[in-house]
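Here is the structure we will look at, set down as structure tokens.
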Amino acid sequence: MQLITTTSALQEALANAHASHRQIGLVPTMGALHPGHRSLIERARRENDVVVVSVFVNPIQFNNQEDLAKYPRTAEADCQLLQHAGADIAFLPSVEEMYPTPVTDVYHFGALEEVMEGPQRPGHFSGVAVVVRRLFDLVQPTRAYFGEKDFQQLAIIRNLIAQIGSDIDIVACPIVRDDDGLALSSRNMRLSSEARRVAPLIYATLREAVLLSSSLSMEQVKHFVLSKLTATTLFEPEYFEIVDDSTLQPIANWGEGQGVVGCIAVWLDGVRLIDMVRFRP
Ligand code: PAF
């Protein structure tokens, strides 16, 4: 595996692959890698000739400076995981390397960013789009891999691809969970032992909501999820929305929409976690 920290070295390392039309898989990450990332990298390994993984904590997608400062950084362990998972290139640029001049680009995603994470994190998706677009331009991958846990981000990236007229294939990968159901996330490392013990309640509640959806109205299911978590010590739900899986617009009753998913953000003892569940395929 090549460890690369500059954009020029990255482009040089990929020149042959491009010249010989080899298929390149890109897995963009912010590091603190876990088996969820590993599943993305292994899939990229199976489907491409060359696998590039970027590890970059992107400051412009954080609207909360404390969250940025506390974001886990584990470069050494990340490189070991990347090596074992079969990455060819690990790209770990500095902030100055990614953003040599102040960032002025702004992306808009209309209704897609007016729901769920959007209002809670102003500027977040534009910041994600800026870094993902730069990585796409640098790597020019055949395919790029993203986890379904960040369900809204996935819709935003697909929209970005349409906006910039790119033919990169966006591959959505299923959530990887711990044995007790907690969705794997780099933020889980920040949970206190008490918070980690109760954290599986998030997914358990989502699963219960799916069962209840055959007998309760959508409003009742939403109320059930929010009140169950609110009533439990340490949990502070931020939102739970039941939305159409392609437009991300909230739906009002079970008859609406094709694919239907429930997306949740919860504060658990000072750590913000998100998760999702599918109500209808
Ligand atoms: O999902 C993430 O880890 C980040 O938002 C991404 C896509 C790597 C962009 O910084």
* **Scan of the stretch 35-83 for residues that are within 16 Å of residue 5 (Cα to Cα), touching a residue at least 40 places away in the same chain (Cβ under 8 Å) and β-branched (Val, Ile, Thr), ordered by number** => 52, 74
* Among (1) assigned to a helix (DSSP H, G or I); (2) touching a strand residue (DSSP E or B) at 6+ places or on another chain (Cβ under 6 Å); (3) surrounded by fewer than 17 Cβ atoms within 10 Å (Cβ to Cβ), which single condition is residue 195 missing? -> (3)
* Asked: If only one of 187, 197 is in contact with a Lys or Arg (Cβ under 8 Å, 6 or more places away or on another chain) and among the basic types (Lys, Arg), which one is it?
  -> 187
* Residues (part of a helix (DSSP H, G or I), under 22 Å from residue 39 (Cα atoms) and more than 13 Å from the ligand (Cβ to nearest atom)) located in the stretch 52-103 -> 75, 76, 77, 79, 80, 81, 82, 83, 84, 85
* **residue 164 more than 13 Å from the ligand (Cβ to nearest atom) and either surrounded by fewer than 21 Cβ atoms within 10 Å (Cβ to Cβ) or over 22 Å from residue 68 (Cα atoms) (or both)** => yes
* To do: Just name the residue that is nearest to the ligand (Cβ to nearest atom) out of those in the stretch 138-161 that are of a type in the set (Val, Ile, Thr) and more than 13 Å from residue 116 (Cα to Cα).
  => 157
* To do: List every residue pair whose Cβ atoms sit under 9 Å apart, with the two residues 6 or more apart in sequence or on different chains, where the first one lies in the stretch 105-134 and is in contact (Cβ under 8 Å) with a residue 12 or more places away in the chain and within 16 Å of residue 154 (Cβ to Cβ) and the second, anywhere, is part of a helix (DSSP H, G or I) and among the aromatic types (Phe, Trp, Tyr).
  => 107/125; 109/125; 112/125; 113/125; 116/151; 117/125; 118/125
* To do: Please determine, by comparing only the residues of the stretch 1-39 that are touching a Leu at 6+ places or on another chain (Cβ under 6 Å) and in a strand (DSSP E or B), which one is farthest from the ligand (Cβ to nearest atom).
  => 4
* Pairs only if they're at least six apart or on different chains, beta carbon under 7 angstrom, first in the stretch 147-168 and farther than 17 Å from residue 136 by Cβ, second within 13 Å of the ligand (Cβ to nearest atom) and acidic (Asp, Glu); list them, first residue then second. => 152/117
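Each value in this text was obtained by applying a stated rule to the coordinates, not by laboratory testing. As the structure is a prediction and not an experimental result, all values here were calculated from the model. Neighbour counts are summed over all protein chains in view; Cβ atoms, including those assigned to glycine, are modelled from backbone coordinates with ideal geometry.
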